[in-house]
Amino acid sequence: MSDKKNPYGNATQAYGQTAAIGDQRAMEGRVLLKAASKLEELSRRLQAGETPTVAETGETLEYNQKLWQLFVSDARNEDHPLPQEIKNNIASLALFMFKRTLEVMADPKAEKLQAMIEINRNIAAGLMKTVKPLPGAKEEPEKKHQPITDSLA
């Protein structure tokens, strides 16, 4: 299947390539913050009385939707180490994001974006916290990190 027929193809490939480089949690947090910033900019424009084009609104919402689709796809992997309860929570949040995306496309209002922005920011904050190893756990040697680029856009 060509990437033109599969809108998530490029994003999935980019995610897979960059997830292995550096700290995946921090990278996911940064991408969530980028999505939150895009949503917030759209919200500001709507609050200011602007009428963004359907294409502008769609680009912002599509970026966020692709991101959440990747999270769901990753969580559906049977080998994913997250507990099932967290995987279910990811699916529930993604479903909310997908429904809200349709609501915003049908009737763009700034207040409809606020929950999406807050969810992205709160999850990003949790992902970007440094996780300390449990007492007695072996520490992994520090890895050299290569720059991570965001290829979802």
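The values are calculated or read from the model by the stated rules, or taken from the named source; none is laboratory data. A quick note: this is a predicted structure, and the numbers were derived from the prediction, not measured. Using ideal geometry, Cβ is built from the backbone for each residue, glycine included, and neighbour counts are taken over all protein chains shown.
Summary of values
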quantity	calculated
Hits in the stretch 98-131 (condition: under 22 Å from GLY58 (Cα atoms), touching a residue at least 24 places away in the same chain (Cβ under 8 Å) and outside any helix (DSSP H, G or I))	PRO108, LYS109
Filter result for LEU95 (touching a helix residue (DSSP H, G or I) at 6+ places or on another chain (Cβ under 7 Å) and in a helix (DSSP H, G or I))	no
Test result for GLN84, in contact with a helix residue (DSSP H, G or I) (Cβ under 7 Å, 6 or more places away or on another chain) and within 23 Å of GLY126 (Cα to Cα)	no
Every residue from the stretch 63-86 that is surrounded by 19 or more Cβ atoms within 10 Å (Cβ to Cβ) and free of Cβ contacts under 8 Å to residues at least 60 places away in the same chain	ASN64, GLN65, TRP68, PHE71
Within the stretch 52-81, tally of residues that are among the polar types (S, T, N, Q), in a loop (DSSP other than H, G, I, E, B) and at pLDDT below 95	1
